[in-house]
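Only one structure is covered here, and it is reproduced in the block below.
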Amino acid sequence: MAAEYTPTTGTSRRRTVLKAAGLATLAATTVVGAGDVASARPGRGDGARPDDAYDVIVVGAGFAGVAAARAVRAQGMRTLLLEARDRIGGRTWTGTFAGELVEMGGAWVHPVHTKVWHEIQSHGISLVADDTPPDRLILPSGSGYADFDLTVAGTRLGELLTSFFAGSESYFPRPHEPLHRADLLAGPDRLTLRDRLDQLRLGPRDEAWLNGHTATAGGSNTRGAYTALVRQLALSGDLETYNGLNAYRPVTGMGGLINAMLADRPVTVRLNSPVAAITDTGARVHVDTRGGKRYTARSVVVAVPANVWNSISFRSGLPREFAAASTAGIAVPHAKKIWMKVRGDVGRFLAQGAESGAPLIGVVPHTTLSDGSRLMIGFSVDPAFDHTSTARVQAALRTFVPQAVVERIVSQDWGGDPYARGGWSFMRPLQLTRQLRTLQQPQGRLVFAGSDIASGWSGFVDGAIESGEHAGTLALEAATRRAAPVRV
């Protein structure tokens, strides 16, 4: 990563661009390291006990975990939030690069993301619109890549997506209840994205134009489920909205938003506390960290990515669907995001690579800097791509624009992050119809949460908030439930 990159957390410095009036901070929330738990401020905190007993423990301080912790704390529950990293945010991570606020993970929101949109508005956070169109599209041609007129190419891509989704209109009549018509999904949920592409029998150029779009979403076309992309269209309502989801960013960055949410209901937060084991005794739940600390609660919300579940020992056992989902993975396993400071007469282009042959499968314009250079965002799902090498990134970018000069980069390999093991969520075939219902159900005094298993916007911050809030409700029910009598 570039030396000038600065990650930001709730305790880091803030830039003057954070101009949302009255933005809440973590001042009322106790954030501690790997030492003894500290109590939040008297009268404001959750009254941590000397024996480390809580009503609810939430494991994972991404948006799902923060939403769950806030929900249970609002009901007066003694709440502990455990986070493996030295920061909150999970698969969102706000920092600075080249003097600009940058997102290393999830970044964009849209009014159809009603949960996160409400959070942004209720906290008085301004939005930055990313609606300036590029001057051209760079897409596969018969001999590498070429520039295409925005209107002409955009129209053709729309036609291809319409064909790709044709016949799926009835699959999700209630988009936020994806299994409402599970009877209609038995066949479609078996299809990979590649299966659906093959059904279309496209010509070479159309195939290359469409398969890059679908491969970016699913990690690869042989990995991702057709129904996962159909869900996104159903939630969007129409193709125009689907194509315009990357519309706005909170001016505070996602880091500012999650800090504001956490400050709503102060809880004790322990960073640098990866969890090794969770044991549900029937009456209480023990949470053991890798550092040898044990915490006890009446219920626990597990709000870490599904790809990470297998790194935790659930000593009281779980249904087989959990191990299966974690082993196969829900999040895209080799997702990488790369910020590039670029010079050269490259213009404001949007590039989409084909399914194979381009280490960068997508490049998105971002900002023109005062020195005339440009910030651009690249995405890669290539496991062999060296995202840390400026020379390799420049070579990949020059596949699209040969004149580009990459001065500096900063990148994040979410697949290589031990606390993520993948990037954006995108289910594989049959995970929706065979696993989701079980993954969303309480398991004794354990409840699972996260964007991976959201009913609505899986793969988006909105889905994480939705799942976290629902998990908080279920955790409250478990925490207030009497222990089942022990049979002898």
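Kirkwood Rh over Cα pairs of the range 375-488 into Stokes-Einstein at 37 °C, 0.692 mPa s: D in µm²/s?
Values: Rh = 17.7 Å.
In µm²/s, the coefficient is 186.
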Point-charge dipole on Cβ atoms (K/R +1, D/E -1) for the range 211-293, about Cα centre, debye to 20: 360
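Work out, step by step, the length gained on full extension between Arg482 and Gln403: first 0.36 nm times the residue separation, then minus their alpha carbon distance; give nm to one decimal. Intermediate values should be presented prior to the final figure.
On the way: separation 79, 0.36 × 79 = 28.44 nm, distance 6.79 nm.
21.7 nm is the gain from fully extending Arg482 to Gln403.
By how many nm would the segment from Leu200 to Thr281 lengthen if fully extended, with 0.36 nm per residue of separation less the alpha-carbon distance? Numbers along the way, then the final one.
Details: separation 81, 0.36 × 81 = 29.16 nm, distance 5.27 nm.
Full extension from Leu200 to Thr281 adds 23.9 nm.
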Cβ-based charge dipole, the chain, positive-most Cα from Val301, Gly219, Trp457: Val301
What does the charge dipole of the chain about its Cα centre add up to, to the nearest 20 debye, if the Cβ of each Lys and Arg holds +1 and the Cβ of each Asp and Glu holds -1? 1520
Heads up, the range 68-197 by the C-alpha gyration tensor (a ≥ b ≥ c square roots of eigenvalues; a/c under 1.5 rounded, else a/b over b/c prolate, else oblate) looks oblate
Within the under-13-Å Cβ sphere about Glu159, not counting Glu159, Lys/Arg +1 and Asp/Glu -1 give a net charge of +1
Give the cross-link partners of Lys341 among the aspartates and glutamates, using a straight C-alpha distance below 16 Å as the criterion and excluding same-chain residues fewer than 8 apart. Glu4, Glu100, Glu103, Asp371, Glu407
Rounded to a whole number, what % of the accessible area of the range 156-200 do carbon and sulfur atoms account for, probe 1.4 Å? 50
For Ala186 and Ala324, calculate 0.36 nm times their separation in residues minus their Cα-Cα distance, and state this gained length in nm to one decimal. 47.8 nm
Over the chain, average the accessible area per residue using a 1.4 Å probe and give it in Å², no decimals. 40
Which residues in the range 95-110 place their backbone N less than 20 Å from a point set 7 Å from the Cα of Glu240 along the Cα-to-Cβ direction? 109-110
Can you grab the distance from the C-alpha centre of the range 287-318 to the C-alpha centre of the range 121-199, Å, no decimals? 36
Could you work out [θ]222 nm for the chain from helices alone, using -39500 (n - 2.57) per DSSP H run of at least four and dividing by all its residues? Round to the nearest 500 deg cm²/dmol. -8000 deg cm²/dmol
Could you go through the range 420-430 in sequence order and give the Karplus-derived ³J(HN,Hα) for each residue, using 6.51 cos²θ - 1.76 cosθ + 1.60 with θ = phi - 60°, rounded to whole Hz, and x for Gly and Pro? 10, 6, x, x, 6, 6, 7, 5, 8, x, 6
Please find the FRET efficiency linking Leu369 to Asp149, where r is the Cβ-Cβ separation and R0 is fixed at 35 Å, and quote it to the nearest 0.05. 0.80
Taking the alpha-carbon centroid of each part, what is the distance from the range 364-379 to the range 219-248 in angstrom? 25
Taking amide H positions as placed in the peptide plane 1.01 Å from N, state which residues far from Val102 in sequence (5 or more) or on other chains have amide H under 5 Å from it. Gly95, Thr96, Phe97
What does the charge count around Val405 come to, taking other residues whose C-beta lies under 15 Å from its C-beta (Lys +1, Arg +1, Asp -1, Glu -1)? +3
Net charge near Val342, counting Lys/Arg +1 and Asp/Glu -1 over other residues with Cβ under 10 Å of its Cβ? +3
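The values are calculated or read from the model by the stated rules, or taken from the named source; none is laboratory data. Computed from a predicted model, the values in this text were never measured in an experiment. Note: ideal-geometry Cβ built from the backbone for every residue, glycine included; neighbour counts use all protein chains shown. Side chains are part of the model used for accessible areas, which takes the heavy atoms of the whole protein and leaves out ligands, DNA and RNA. Shrake-Rupley method; radii C 1.70, N 1.55, O 1.52, S 1.80 Å.
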